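The values are calculated or read from the model by the stated rules, or taken from the named source; none is laboratory data. Worth saying up front: this structure is predicted, and the values here are computed from it rather than measured. Here the Cβ positions follow ideal geometry from the backbone for every residue, glycine too, while neighbour counts run over all protein chains shown. In case anyone asks, the SASA skips ligands and DNA or RNA and just uses the protein heavy atoms, side chains included. Shrake-Rupley method; radii C 1.70, N 1.55, O 1.52, S 1.80 Å.
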Amino acid sequence: IELESLKATKVTVEEQTYDLLCQTLRGLSRPVGKKDLLTIIHELRIRKPVDFSFELAREEEERRRLDEERREVIEWTRATLKGSYPPPAMPSILTKAPDDRPVLSTYEAPRS
């Protein structure tokens, strides 16, 4: 009887952990980098409420990169149209990648 009770408790704990993890990952609004994912896992492990404020910080970083890229393109365009010498180097067209690349996009639990 004790063995069956322990098995049932183990299954319950596994299901609760899975549900908590799924619920937390559904709360994400954007892809998550390795550092942020490890922070989430740590907060879940110590049973601390997950703080999603890192998403705002990443959004601000992305906005800053886009503004910087836009500024570089505007400067290059103006210099090219004015015919300045030496010709300016063409800026990178693609947005510069963040330092912490996403390892997990917004999560969708498998359907069972």
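Observations, loosely collected:
- Most to least packed among 8-16, 32-40, 47-55 [average Cβ atoms within 10 Å]: 32-40, 47-55, 8-16
- Cα pair distances of segment 1-72 binned at 5 Å [whole percent]: 3, 13, 18, 17, 12, 10, 9, 6, 4, 2, 2, 1, 1, 0, 0
- Counting only protein heavy atoms and a probe of 1.4 Å, the accessible surface of segment 1-57 is 60% carbon and sulfur.
- Within a straight-line Cα-Cα reach of under 14 Å, Lys35 can be paired with the following aspartates and glutamates, leaving aside sequence neighbours fewer than 8 residues apart in one chain: Glu43, Asp51, Glu55, Asp99, Asp100.
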